[in-house]
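Worksheet: the structure to be examined is printed underneath.
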């Protein structure tokens, strides 16, 4: 019976690995597709304004690709060598708006509304800011991606 359980556990592990690889491949492919599309549009761009817009798209999508690759590398490092958190004290009233600013631009481009609410009375917190940034960035990425045009996205801190 133990052997059967081990076989089932290995099969489950393989299914999870396959699912992860499928998702990772899709997530890595998406920015590359957008980069290639922006390159094609640059070739046809007749105005300086359009050229600038497509260059901004290229930069944003290239940065997103780097973030995804960094996430995969971090995941691999965590699996092999868990790292201690780098704690620092931050004030959310300052930190959250800076984090959300690029998403405001992205939301406006999609005719979405992004509301950020950070009450002034919150105390400073001690946190691994890079981990918190990664989590909130992914949440905001998904919110922008899956919210319909003219939809509302709210980031509220309590």
Original post:
Using Cα pairs under 8 angstrom and six or more residues apart, how large is the relative contact order of the chain, in percent?
Top reply: 20
Original post:
When the chain is treated as a GNM, springs tying every alpha-carbon pair under 10 Å, which of 71, 18, 94 comes out with the largest mean-square fluctuation?
Top reply: 18
Subject >> Relative contact order computed over segment 87-156 (Cα-Cα under 8 Å; 6+ residues apart), in percent >> reply: 48
**OP:** Take every DSSP beta bridge whose two residues both sit in segment 17-158, then give the antiparallel share in percent to the nearest 5.
**Re:** 45
**OP:** Mind sorting 20, 103 by how few other Cβ atoms lie within 10 Å of their own Cβ, fewest first?
**Re:** 20, 103
**OP:** Label the chain by shape, choosing from rounded, prolate and oblate, from the square roots a ≥ b ≥ c of the eigenvalues of the Cα gyration tensor; if a/c is under 1.5 it is rounded, and otherwise prolate applies when a/b is larger than b/c, oblate when it is not.
**Re:** oblate
Subject >> Most mobile listed residue (109, 38, 60) in the chain, GNM with C-alpha springs under 10 Å >> reply: 109
**OP:** Report the extension gain between residue 55 and residue 13 in nm, rounded to one decimal, defined as 0.36 nm multiplied by the number of residues separating them, less their alpha carbon distance.
**Re:** 11.0 nm
Original post:
Once you put a point 7 Å from the Cα of residue 121 and another 7 Å from the Cα of residue 44, both along the Cβ direction, what distance in nm separates them?
Top reply: 5.5
Subject >> Segment residue 158-residue 131, extension gain: residue separation times 0.36 nm, minus the distance between their alpha carbons >> reply: 7.8 nm
Subject >> Residue with peak Gaussian network fluctuation, the chain [Cα springs, cutoff 10 Å], from 31, 97, 84 >> reply: 84
Subject >> Cα gyration tensor shape for segment 87-156, rounded if a/c is under 1.5, else prolate or oblate >> reply: prolate
Original post:
Roughly speaking, what is the stretch gain from residue 147 to residue 72, that is 0.36 nm per residue apart minus the C-alpha to C-alpha distance, in nm to one decimal?
Top reply: 24.5 nm
Original post:
For segment 9-67 and segment 105-139, what is the separation of their Cα centres, given in Å?
Top reply: 23
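Quick note: the coordinates plus some simple rules give every number you see, no bench work behind them. Since the structure is predicted, the reported quantities are computational estimates derived from the model, not experimental observations. Cβ: placed from backbone, ideal geometry, glycine included. Neighbour counts: every protein chain shown.
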